[in-house]
Amino acid sequence: MYAEFAQRRGWLKPDRVLAAEEYEALTGRVRGWAAVDRTWADVTAEFGSPSVLFGGNNPLYGKTLGYLSEDPQQPMVVFHLWNGSEPGAETWPPELAQPLLLAVRFGGGSFLGSLTFTPEGEWRKPTIGDPCRSSAWSPPASGARATRRC
């Protein structure tokens, strides 16, 4: 959200911006596209390099990819990726080769209303009183869906 604030004021210097047609195509299909679990590589293959990368290029760490329109008044499209390491995990590196997409955020209105969760992201949303939510993840085999042990 700070990046969007900086963008509207002309302070953010993106690596690239999307032309109006490219931005419309992205926003027109991203919610449906995020209905399937995706990885960092899937996002960049589908939508190209981000305008802004929050985090580094190392796939062992989570990151956020921001896509900006050439019109600074248009909302940023933000992809939130997670690398698979559990809080308190004692193993390193994480078992995932590519960060998983958990949610895409864009649009006006409420913050929650601007989020679209992938199936994995929906499953990982915190739920009070559900001890299975945060500790039962195992990485998917190549091309397979993640499994749960609960």
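Share of carbon and sulfur in the accessible area of the range 13-75 stands at 52%, probe radius 1.4 Å. Across the alpha-carbon set of the range 1-53, the Rg to Rh ratio works out to 1.00, Rh being the Kirkwood radius.
Applying 0.36 nm per residue to the separation of Ser110 and Asp42 and subtracting their alpha-carbon distance, the gain on full extension is 21.8 nm. Note on Glu22: accessible area approximately 80 square angstrom, rounded to 10, probe 1.4 Å, nucleic acids and ligands left out. One decimal place: the segment Glu122-Ala20 gains 33.7 nm when fully extended, by the rule 0.36 nm per residue minus the C-alpha distance. D by Stokes-Einstein for the range 1-99, Kirkwood Rh over Cα pairs, 4 °C, 1.567 mPa s: 89 µm²/s. For the range 1-92, the list of trypsin sites (Lys or Arg not before Pro) that fall in a loop by DSSP and count at most 11 other C-beta atoms within 10 angstrom reads Arg9.
Accessible area per residue for the range 1-130 is 54 Å², calculated with a 1.4 Å probe on protein heavy atoms, without ligands, DNA or RNA. FRET efficiency for the Trp92 to Ala35 pair, using the beta carbon distance and R₀ = 25 Å, is estimated at 0.20.
The values are calculated or read from the model by the stated rules, or taken from the named source; none is laboratory data. This is a predicted model, so every value here is computed, not measured. In this analysis, Cβ positions are derived from the backbone assuming ideal geometry, glycine residues included, and neighbour counts consider all displayed protein chains. The protein model used for the area step is the full one, side chains on, heavy atoms only, and it has no ligands, DNA or RNA in it. Shrake-Rupley method; radii C 1.70, N 1.55, O 1.52, S 1.80 Å.
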